[in-house]
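Below: the structure, in structure tokens.
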Amino acid sequence: MSGGRIPIQCTVTGAAGQISYSLLFRIAHGDMFGPDQPVVLRLLEIEPAMKALEGVAMELDDCAFPLLAGTELTSKPEVAFDGADWALLVGAAPRKQGMERSDLLSVNGGIFAPQGKTIAQKASSGVRILVVGNPANTNAYIARMNAPEVPAERWFAMTRLDENRARSQLAQKAKVPVAALSNVAIWGNHSTTQYPDAHNARIAGLPVEEVITDHGWLKGKFVEIIQKRGAAVIEARGASSAASAANAVIDSVVSIRTPTPWGDWHSLAVVSHGEYGVPEGLQFGYPVRSDGDHWEVVPDLQHDDDAWKRIRVTTQELLQEQEMVKSLIPAQPAS
Ligand code: NAD
Ligand code: LMR
């Protein structure tokens, strides 16, 4: 065991799927929890995929990762989430060409209510959860509402892939290295209504609008590229993004676990406490900064009328999705 440290118990659902095939090896290599931190992978699949999962586990063995302190393969959620410090909820059907992510709600929504309940019963008291399966924001909302014992601040849905896409597009347009980009936020839903915010982003510390003078592109094409990038990948690849999604899972968890560099932020969908006028309880994409233990939504950012309009549109979409999954949400005790 590396340096005598207690291994982190990391549950990954959908462990025989496409994203997991890129994700598990990076976790076992130390990219998520650090080069001195051993990890046990607790891998959940549905019964028909267990044989494929065994193959993945064989490959993990064959890498001889020094940090991999164990693998548990199971089709039982109560085993997979037992003692979990981190739960990465990837297992869900991906969309096909021509679908919106919200079309997956009827197929995938039902996965997340029982998983939320099992996490509340079986996971470690400090568990943190990142939802990746689409539609990620509303699936996170479903799971969270079924686990009232787990503080709402421990639930995250993934908007980091959108942030990374935005960083790359802005860097290419400005002809600068991606490392020059900071303060890139994705507001709202991981869907075609999301608002990728170039106005508050920086290139080498300067407002993006000072470096990229094609403001028509920033307000139009740029936003559209990011909103529709998932569909563009599906059209080109014939399957939904996987390696870039796995990379964004790693980035998300690292950003939650490590202090955010001074002045910067990263994109995560977290529970709204009403910040920026978003109704309380929505799982909403915000700019977030972390001190390694706690996170906060970055306050006091400025938006023009167009940005506020986009934020209202994505808020409305999340409220509609919330309405669609009402039957999966247990009645809340009257306060
Ligand atoms: P995939 O079909 O390759 O893998 C999904 C796996 O989940 C399958 O192996 C399936 O057997 C398993 N699964 C299904 N139901 C399960 C359950 N109840 N418990 C455990 N496992 C279960 O799909 P993928 O490409 O890995 O994508 C997974 C999900 O992630 C999709 O919903 C996709 O749309 C979503 N996604 C989200 C983002 C994001 O940015 N938030 C990015 C890419 C993909
Ligand atoms: C993505 O953004 O690539 C994923 O959410 C997959 C999809 O359906 O677009």
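The values are calculated or read from the model by the stated rules, or taken from the named source; none is laboratory data. Model, not experiment: these values are computed from the prediction. Glycine gets a Cβ as well: all are built from the backbone with ideal geometry, and neighbour counts include every protein chain shown. Heads up: the accessible areas ignore ligands, DNA and RNA and are worked out on the full protein's heavy atoms, side chains in. Shrake-Rupley method; radii C 1.70, N 1.55, O 1.52, S 1.80 Å.
The requirement of being over 21 Å from the mean Cα position of the chain (by Cα) and open to solvent by 40 Å² or more (accessible area, probe 1.4 Å) is not satisfied by residue 85. All conditions in (1) within 12 Å of ligand 2 (Cβ to nearest atom); (2) crowded, with 22+ Cβ neighbours inside 10 Å; (3) not small (Gly, Ala, Ser) hold for residue 192, with the sole exception of (2).
Residue count for the range 158-184, restricted to those that are more than 16 Å from ligand 2 (Cβ to nearest atom), open to solvent by 10 Å² or more (accessible area, probe 1.4 Å) and not in a strand (DSSP E or B): 10. Look at (1) touching a His at 6+ places or on another chain (Cβ under 8 Å); (2) away from ligand 1 (no atom under 14 Å from the Cβ); (3) touching a residue at least 60 places away in the same chain (Cβ under 8 Å) and you find that residue 265 fails only one, number (1). Checked against the criterion of being touching a Pro at 6+ places or on another chain (Cβ under 9 Å), open to solvent by 20 Å² or more (accessible area, probe 1.4 Å), of a type outside the set (Ser, Thr, Tyr) and in contact (Cβ under 8 Å) with a residue 12 or more places away in the chain, the range 218-227 has at least one qualifying residue. Tell me, please, whether a residue that is within 18 Å of residue 93 (Cα to Cα) and either exposed (fewer than 15 other Cβ atoms within 10 Å of the Cβ) or away from ligand 2 (no atom under 16 Å from the Cβ) (or both) can be found in the range 22-43. Yes, some residue in the range 22-43 is within 18 Å of residue 93 (Cα to Cα) and either exposed (fewer than 15 other Cβ atoms within 10 Å of the Cβ) or away from ligand 2 (no atom under 16 Å from the Cβ) (or both).
Filtering 262, 187 for residues that are part of a strand (DSSP E or B) and either open to solvent by 10 Å² or more (accessible area, probe 1.4 Å) or within 16 Å of ligand 2 (Cβ to nearest atom) (or both) leaves a single hit, 187. Only residues that are in a loop (DSSP other than H, G, I, E, B) and either closer than 28 Å to residue 256 by Cβ or of a type in the set (Asp, Glu) (or both) were counted across the range 12-66, and they come to 17.
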